[in-house]
1. Between Lys229 and Glu277, what length in nm is gained on full extension when 0.36 nm per residue of separation is reduced by their alpha carbon distance?
2. Which of the trypsin sites (Lys or Arg not before Pro) found in the range 53-141 are loop residues per DSSP with 16 or fewer other Cβ atoms within 10 Å of their Cβ?
3. For Leu135, Leu261, Leu93, Leu231, what's the fewest-to-most ordering of other Cβ within 10 Å of each Cβ?
4. Could you tell me whether the range 146-198 comes out rounded, prolate or oblate from its Cα gyration tensor? Rule is a ≥ b ≥ c as square roots of the eigenvalues, rounded for a/c under 1.5, then prolate if a/b exceeds b/c, otherwise oblate.
5. How high is the FRET efficiency from Gln143 to Glu180, r the C-beta distance, R0 25 Å, rounded to 0.05?
6. Residues with amide H under 5 Å of Trp265's amide H, sequence separation 5 or more or different chain, H placed in the peptide plane at 1.01 Å from N; which?
7. Sort Glu207, Glu212 by Cβ crowding within 10 Å, fewest neighbours at the top.
8. Is the range 171-253 rounded, prolate or oblate when judged by the Cα gyration tensor, a ≥ b ≥ c being the square roots of its eigenvalues, rounded requiring a/c under 1.5 and prolate requiring a/b larger than b/c?
Amino acid sequence: MCRVCFGRFCGMARFGLVGLIVLVSLSACSSIWLESTPSPDPATVTTATAGPAESAQVETSPPVPPPDPYAKPRADMVEYQIRQRDVRDEAVLKAMSTVPRHEFVPADYQGQAYNDHPLPIGYGQTISQPFIVALMSELIDLQPGERVLEIGTGSGYQAAILAQLTDEVYTIEIIPELAERAQNDFDRLGYDQITAKQGDGYWGWEEYAPFEAIIVTAAPDHVPQPLVKQLADGGKMVIPIGPPGGYQSLWLLERKGDEVLRYNWGGVRFVPLTRTE
Ligand code: SAH
């Protein structure tokens, strides 16, 4: 059965979705982020001078986090690129407002992290445009406690967004160097809700199936049947389908028993889903 949903797509077309969704393929290097552990402000530590030494009182105020120079660009990104393009799920908007996207892009591109386009992450791959990350996250309608599988970890940013929506995120990346870098970033930033591995995501992750949601961030030319099989009844998959190197259609698939409903969300451009030989 094939159903096509036009309402939202028309809304998106108003904002020029097709022209916006361009994934570039450039090479780049990884970002480095050093978390500082602020020491207590000396002015807030007081030691009583009267009375015996063992009764000295020490008052400390909680450490003040350093100001986030990206707070404003991130808030603007959410307002102008996402909310105004009709993404309305408050949990998704909150996730996009929270996750530090600049931590997932190479150092050379951090200044562009909140711009309205994809960015290179090395190895010919890209981190998706913020709007596409938000749209795909909204389409799968993830609820807290549900299991989601992502194919194409890349920078790890999409997985980090999903980790704000549920605490069971599984993600697979085929390029070993990217898989390793993303795992390091998950560790460094404390995303322990994310379980990641290197491998060919075409086969899904049988060990943790079924998944209430599957999100595929590289484009195959057909729907991988192992992924359909690992979708829970009532589960949703969002996946770009089309020729490698060209434009694809973004499909939302919804499993209802043995039936799979299909909704076309219009033209997108993703890097190809590659396969291990
Ligand atoms: N979700 C990513 C976007 C990454 S681009 C992010 O938030 O940054 C797509 C990624 O899919 C690339 O890193 C690419 O190497 C990976 N990929 C391509 N084919 C794959 C496959 N068969 N299995 C797993 N990952 C794959």
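Every number in this text was worked out from the coordinates using simple rules, so none of it is lab data. None of the values given here were measured: they were computed from a predicted structure. Virtual Cβ from ideal backbone geometry, glycine too; neighbours counted across all protein chains shown.
1. Additional length available on full extension: 15.1 nm.
2. Arg88
3. Leu261, Leu93, Leu231, Leu135
4. oblate
5. About 0.20, to the nearest 0.05.
6. Amide H neighbours of Trp265: Leu250, Trp251, Leu252.
7. Fewest-to-most ranking of Glu207, Glu212: Glu207, Glu212.
8. Since a/c reaches 1.5 but b/c is at least a/b, the shape of the range 171-253 is classed as oblate.
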